[in-house]
Amino acid sequence: MTRIAGIQIEKDSKGQPAYARFNLKKHPEVLELLNKVDALDDEFEKEWKRGITGDQLRDALHKRIDNWNKK
């Protein structure tokens, strides 16, 4: 297999190609391709968009602590 600078092919325990690592500084076209097929919009990003702000978290915690103190 031809070696290309900035691209590493990793093999599994059976010696079969399993992963490809790309240096995106050397190969920015790979990043464009991944965006095109929507491969970078993963579960973390979706959940991050649904998350709350620090202020909302603080307010929720204060309410919960106040409820503990009432008991």
Revision key, fill the gap. Simple spin-label estimate for ASP55/ASN67, 7 Å along Cα→Cβ, in nm, reads 2.3 nm
Check your understanding: Relative contact order for the range 7-70 using alpha-carbon pairs under 8 Å, separation at least 6, rounded to a whole percent?
Key -> 15 percent
Check your understanding: Roughly how many nanometres apart are two label points built 7 Å out from the Cα toward the Cβ at LEU24 and ALA39?
Key -> 1.2 nm
Exercise for review: State to the nearest 20 debye the size of the charge dipole of the chain about its Cα centre, where the only charges are +1 on K and R beta carbons and -1 on D and E beta carbons.
Suggested key: 320 debye
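Counting each DSSP H run of 4 or more residues in the chain as -39500 (n - 2.57), what helix-only mean residue ellipticity at 222 nm follows after dividing by all residues, to the nearest 500 deg cm²/dmol?
Taking each H run of at least 4 residues, the total per residue is -14500 deg cm²/dmol.
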Review point. For the range 7-70, how big is Rg over Rh, using alpha carbon atoms and the Kirkwood form of Rh?
Key: 1.34
**Study point:** Lys pairs under 25 Å by Cα in the chain, provided they are eight or more residues apart or on distinct chains
**Key:** 8
Practice item. Please name whichever of GLN16, THR53, ILE65 sits farthest to the positive end of the charge dipole of the range 7-70, dipole taken about the Cα centre and charges placed at Cβ: Lys and Arg +1, Asp and Glu -1. Key: ILE65
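The numbers here are math on the coordinates, done by the rules we state, and not lab data. All figures in this text were calculated on a predicted structure; none of them were measured in a lab. Quick reminder, even Gly has a Cβ in these numbers, built from the backbone with ideal geometry, and neighbours come from all protein chains shown.
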